[in-house]
Amino acid sequence: TPVSGTSTVISGLTPGQIYYFRVTATNAGGESFPTETLAVSCYANGANPILIVNGFDRCDAAMNVSEADPYSTGILARQYLWRMNTYDYVIAHAQAIKAFGRDFDSCSNEAVRDGQINLSNYHTVIWLLGRESSADKTFDANERTAVQNYLNSGGRLLVSGSELGYELDGLSVAPSFFNSVLRADYVQDSAGTYDVEGVTG
């Protein structure tokens, strides 16, 4: 849908239905890459209780896909952008939340960082970091302040990300935030496994 200006309002959304959005820019040179995919499912009886925050922006050489070279014994580092970061991880989370019968809003982490989104408007915040790391920041200073204020006022937060502890605690960027606010501790850069098991309590 072509729009003018820097924002647009979309009305008439059906409560309970998931809508997905991306934005591109156009000019005489063509059309840009799209933004990350965001989603919303409108709650019919007031404000949405859940916010999904997409903080996974990273796309660099460290995320190249390794493939065997068919013409040698070497390994190729392939830059398959659609496998390095698809920028659509909100979709899987939106579908899972909807399957649980809940409605939600979503935003980019930059919207929280810049004060455009107030976390305190939500009962629960789900923050996606993927492989975001030190170069792109898992939580910058503004985001840490917003999250800390939200949790101090009784908010509920679920954070996922593979480099979160490495940056905040391992590199000493914000160990007190990682230890005291997120209530986690950094042990080493890799757990050496992809299996996770919960513990009582």
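The values are calculated or read from the model by the stated rules, or taken from the named source; none is laboratory data. Keep in mind it's a predicted model, so treat the numbers as computed, not measured. Note that we place each Cβ from the backbone using ideal geometry, even for glycine, and neighbour counts take in every protein chain shown. Accessible surface is based on the protein model in full, side chains and every heavy atom, while ligands, DNA and RNA are left aside. Shrake-Rupley method; radii C 1.70, N 1.55, O 1.52, S 1.80 Å.
When a 1.4 Å probe is rolled over the protein heavy atoms, the share of accessible surface on the chain that falls to carbon and sulfur comes to 50 percent.
Contour minus end-to-end for Ser153 and Thr193, with contour as 0.36 nm per residue of separation and end-to-end as the Cα-Cα distance? Walk me through the numbers on the way to the answer.
Values: separation 40, 0.36 × 40 = 14.40 nm, distance 3.51 nm.
Net length gain for the segment: 10.9 nm.
Entry note, the chain: the mean residue ellipticity at 222 nm calculated from DSSP H runs of n ≥ 4, each adding -39500 (n - 2.57), is -4500 deg cm²/dmol after division by the residues and rounding to the nearest 500. Need the C-alpha centroid separation for segment 124-149 versus segment 83-113, integer Å. So the separation of the two Cα centres works out to 15 Å.
Take the alpha carbon gyration tensor of segment 94-201, find the square roots of its eigenvalues, order them as a ≥ b ≥ c, and report rounded if a/c is under 1.5; if not, report prolate when a/b exceeds b/c, else oblate. Note, shape of segment 94-201 comes out oblate. For segment 1-144, averaging the sequence separation of C-alpha pairs within contact (under 8 Å, six or more residues apart) and dividing by the residue count gives a relative contact order of 29 percent. A DSSP coil position with no more than 14 other Cβ atoms inside 10 Å describes the following chymotrypsin sites (Phe, Trp or Tyr not before Pro) in segment 134-201: Tyr194. Treating each Cα of segment 1-72 as one equal point scatterer and applying the Debye formula with no solvent, the log10 of I(q)/I(0) at q = 0.20, 0.23, 0.25 Å⁻¹ comes out as -1.06, -1.20, -1.27.
Could you do me a favour and compute the accessible area per residue for the chain, 1.4 Å probe, result in Å²?
Values: 12730 Å² over 201 residues.
For the chain, the per-residue accessible area is 63 Å².
Between Arg78 and Leu13, the distance separating the two model label sites (each 7 Å from Cα on the Cα→Cβ line) works out to 3.6 nm. Applying the Karplus relation 6.51 cos²θ - 1.76 cosθ + 1.60 with θ = phi - 60° to segment 109-120 yields 3J(HN,Hα) values of 5, 5, 5, 6, 4, 8, x, 7, 10, 9, 4, 5 Hz, where x marks Gly and Pro.
Assuming R0 = 30 Å, can you tell me the calculated FRET efficiency for the pair Ala184 and Asp57, based on Cβ-Cβ distance, to the nearest 0.05? If you can, show how the numbers build up before the last one.
Values: r = 22 Å, r/R0 = 0.73.
My answer for the efficiency is 0.85.
Hey, with R₀ at 22 Å, roughly what FRET efficiency would Ser176 and Glu110 work out to, going by the Cβ-Cβ distance, to 0.05? Result of the calculation: an efficiency of 0.35.
How charged is the neighbourhood of Tyr186? Take every other residue with its Cβ under 14 Å from the Cβ of Tyr186, and add Lys/Arg as +1 and Asp/Glu as -1. Show your work: numbers first, answer last.
Working: positive: Arg183; negative: Glu163, Glu167, Asp169, Asp185, Asp189.
My count for the surroundings of Tyr186 gives -4.
Using a 1.4 angstrom probe with every protein chain in place, what is the largest-first accessible-area order of Lys137, Lys98?
On the way: Lys137 90, Lys98 55 Å².
Sorted by accessible area, descending: Lys137, Lys98.
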